[in-house]
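The values are calculated or read from the model by the stated rules, or taken from the named source; none is laboratory data. This structure is a prediction, so every number in the text was calculated from the model and none was measured. Methodologically, a virtual Cβ is constructed for each residue, glycine included, from the backbone with ideal geometry; neighbour enumeration extends over all protein chains shown. With ligands, DNA and RNA removed, areas are computed over all heavy atoms of the protein, side chains included. Shrake-Rupley method; radii C 1.70, N 1.55, O 1.52, S 1.80 Å.
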Amino acid sequence: MRGGRGPGRPGSAGRGSTGAGRAGASMYDLVVIGGGSGGLNVAGAAAAVGAKVALIEADRLGGECTFTACVPSKALLHAADLAHRIRSADRFGIAVAPPEIDFSRVMGRVRSVVESFAGSDVEAMRSRGVEVRYGRAAFEAYDSVVVDGSARVNGRSFVIATGSRPALPPIEGLEAASPLTNETIWSLETRPDSMAVIGAGAAGLELGQAMARLGVAVTILESAPRILPGEDPEASDQLRAALEAEGIQVFTDVEITRVEPRDGMKVVRFVDRRSGEEMEAVRDALLVAAGRRANVDGLNLEAVGIEADPDRGIPVDEYLQTRARNIYAIGDVIGHHQWTHAAEREAAVAFVNAVLGIPRKIDYTAIPRASYTDPEVASVGRTAGLDPAEGARIFRVAYEDLDRARIEGRTIGFAKVAATPSGKILGATIVGDHAALVLQEFVVAMEQGLRLPQLVNTVHPYPTHAGLARALATQFAATRLESGMTRAALRLVYGYSPRPSP
Ligand SMILES: Cc1cc2nc3c(=O)[nH]c(=O)nc-3n(C[C@H](O)[C@H](O)[C@H](O)COP(=O)(O)OP(=O)(O)OC[C@H]3O[C@@H](n4cnc5c(N)ncnc54)[C@H](O)[C@@H]3O)c2cc1C
Ligand SMILES: NC(=O)c1ccc[n+]([C@@H]2O[C@H](COP(=O)([O-])OP(=O)(O)OC[C@H]3O[C@@H](n4cnc5c(N)ncnc54)[C@H](O)[C@@H]3O)[C@@H](O)[C@H]2O)c1
């Protein structure tokens, strides 16, 4: 149990609370601020157990993932993938002319996919009895927020799920250049001939590769020494090689010094940190995908003793509780694990703590990551930089040794797993087709405490990419045989003594 800051249970309004509803307004069991991936999930869960829930949303229910991130980016990637496959059809004996990209129609479809999602969350919330209020919420006291400066909403517990927005790094001339971000790129009607992308995280790489496959000359600029700096270095290397093979320019370990206009173009000036050489990328368009800033402004968090800023986000403990015991924060606004599925997990934990009053800690051990580039990069835990004291071994299978990959002629990639001598999975990294789907087997195993010997004893349909998981588990089993543990067990139980290898 944690010390004296247990979760506020329904009915206890928490530290500093007046303990009573304010005149003229009803008291909610839970008030959720922000109706994106995190907020929708916590509000829905609370309403499902009969709590009286208000959800306050400044704009549209659905949040960033629906309108400006996951949904449109995957729709764009799908169109780009199609164009790429058409271009590669000849090697399968299918002769087609190079695809003509009608960029305006591509973007029109992306927007119509997004619109097809709009509204469904409103229905879902209403059908569960969540009271949705539109406006910007700001704290007034520990038990009340004010919406758009006028309407007061009282609650016993609060969950802040206000998300994040694109960060603009402090680069001279960048703001004045009005760069595109994931918020604005979707309204492009005309295809730029060329584009510079600042940032080689998942957002910059996904959007950069999609644009390149739709016919834009793309240059990616990354300040870290490698792309996807948080992933296994081998994943960064293989993805970089694949992007460069498609004609995308990738510069890492650069310092961008200035952005300036020239003859209607955007000039990004940068220094190669290794050589000290000064360079410039002259491009029609500029996209910034350099991380996020938490949406904490305007929430008047000072009124409830919470210190937060857009760079760090809202500090929470392992119960997702802020310094105010009846106020929790989840999703991008807490400044790390910024994925929809992480926000959903956090929503589940905040629900248990804030509404059921049962202390539950958040556990990020088995939260997966995926970049939907081609090759796809998916990972959970770690497969590099492991502590030798853990005695971990790394097992690796190349896609070129996977039957399905060979059959389809798509053999770029590898799968790696890190495991302890007993087969406990510490992490997995997969680069290649269906990486995120195959990774899911390791995620389930880590969540449910399954070890590699249990995966090797599970039938995998042939020939699928799931065979990667089985191949890794089989490698692990072979090392046990080598180490003699299995031989000794066979001898002990069956008196069996394997013949020595020829
Ligand atoms: C280009 C891109 C692609 C991505 N693709 C993926 C992906 O494929 N898979 C994945 O898992 N993740 C992806 N992500 C990350 C994912 O979008 C976020 O992690 C997720 O949307 C965060 O959810 P959230 O609920 O924390 O915030 P949001 O979804 O941003 O919701 C916050 C809500 O709060 C509202 N709000 C803000 N302030 C207030 C206020 N004061 N009062 C009331 N309401 C307020 C906002 O209007 C918004 O609706 C992507 C991100 C980017 C940038
Ligand atoms: N498939 C997915 O799940 C998916 C897709 C896109 C984004 N996201 C999430 O959305 C969030 C935002 O994505 P993102 O890619 O913008 O953030 P990120 O933090 O993952 O990557 C930003 C990159 O920009 C680089 N950078 C920062 N400042 C720079 C500068 N001045 N010059 C050059 N490079 C600079 C960083 O080193 C980093 O590699 C992340 O949490 C990401 O995981 C997820």
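Listed values, structure above:
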| item | result |
| --- | --- |
| Residue order for 104, 116 - accessible surface, 1.4 angstrom probe, largest first | 116, 104 |
| Of all DSSP beta bridges in the stretch 175-290, antiparallel share, percent nearest 5 | 50 |
| Only Lys, Arg (+1) and Asp, Glu (-1) charged, at Cβ; the chain dipole about Cα centre in debye | 1940 |
| DSSP-loop GluC sites (Glu not before Pro) across the stretch 176-277, with at most 10 other Cβ within 10 angstrom | 189, 277 |
| Å² per residue, accessible surface of the stretch 74-161 at 1.4 Å | 54 |
| Isotropically averaged projected area of the stretch 375-486, using the convex hull of Cα atoms (one quarter of hull area), nm² | 6.7 |
| Anchor residue 416: lysines whose Cα lies under 16 Å away (excluding residues fewer than 8 positions away in-chain) | 424 |
| Accessible area expressed per residue, the stretch 175-290, with surrounding protein chains retained (probe 1.4 Å, Å²) | 41 |
| Gyration tensor (alpha-carbon) shape descriptor, the stretch 175-290, a/c threshold 1.5 | oblate |
| Computed [θ] at 222 nm, deg cm²/dmol, the chain (DSSP H ≥ 4; -39,500 (n - 2.57); rounded to nearest 500) | -9000 deg cm²/dmol |
| Rounded, prolate or oblate (a/c below 1.5 giving rounded, otherwise prolate when a/b exceeds b/c) for the stretch 249-400 by Cα gyration tensor | oblate |
| Sum of side-chain charges, residue 36 neighbourhood, beta-carbon under 10 Å (Lys, Arg +1; Asp, Glu -1) | -4 |
| Computed accessible area, residue 361, all protein chains, 1.4 angstrom probe, square angstrom | 110 |
| The stretch 375-486, accessible area per residue, ligands and nucleic acids excluded (1.4 Å, Å²) | 46 |
| Per-pair calculated FRET efficiency, R0 = 30 Å: residue 193 and residue 94 via Cβ, rounded to 0.05 | 0.55 |
| Antiparallel DSSP beta bridges within the chain, as percent of all bridges there, nearest 5 | 60 |
| Residue-level accessible surface for residue 133, protein heavy atoms, 1.4 Å, Å² | 70 |
| Cα convex hull volume per residue for the chain (Å³) | 200 |
| Sequence ranges 68-76, 365-373, ranked by mean other-Cβ count within 10 angstrom, highest first | 68-76, 365-373 |
| Residue 226 accessible area, 1.4 Å probe, all protein chains in place, Å² to nearest 10 | 60 |
| Positive dipole terminus of the stretch 175-290, leading residue within 224, 248, 196 (C-beta point charges) | 196 |
| Where trypsin sites (Lys or Arg not before Pro) fall in DSSP loop in the stretch 266-333, at most 14 other Cβ within 10 Å | 273, 274, 312 |
| All Cα pairs of the stretch 29-150, percent lying beyond 19 Å | 60 |
| Neighbour net charge for residue 380 - beta-carbon separation under 12 angstrom, K R +1, D E -1 | -1 |
| Rounded percent of accessible protein surface that carbon and sulfur make up, the stretch 421-475, 1.4 Å probe | 60 |
| Proximal lysines relative to residue 52, as straight alpha-carbon distance under 28 Å, when same-chain residues fewer than 8 apart are discounted | 361 |
| Peptides 451-458, 334-341 ordered by average Cβ neighbours within 10 Å, highest first | 334-341, 451-458 |
| Computed label-point distance, nm, for sites residue 246 and residue 444 using a 7 Å Cα→Cβ extension | 3.0 |
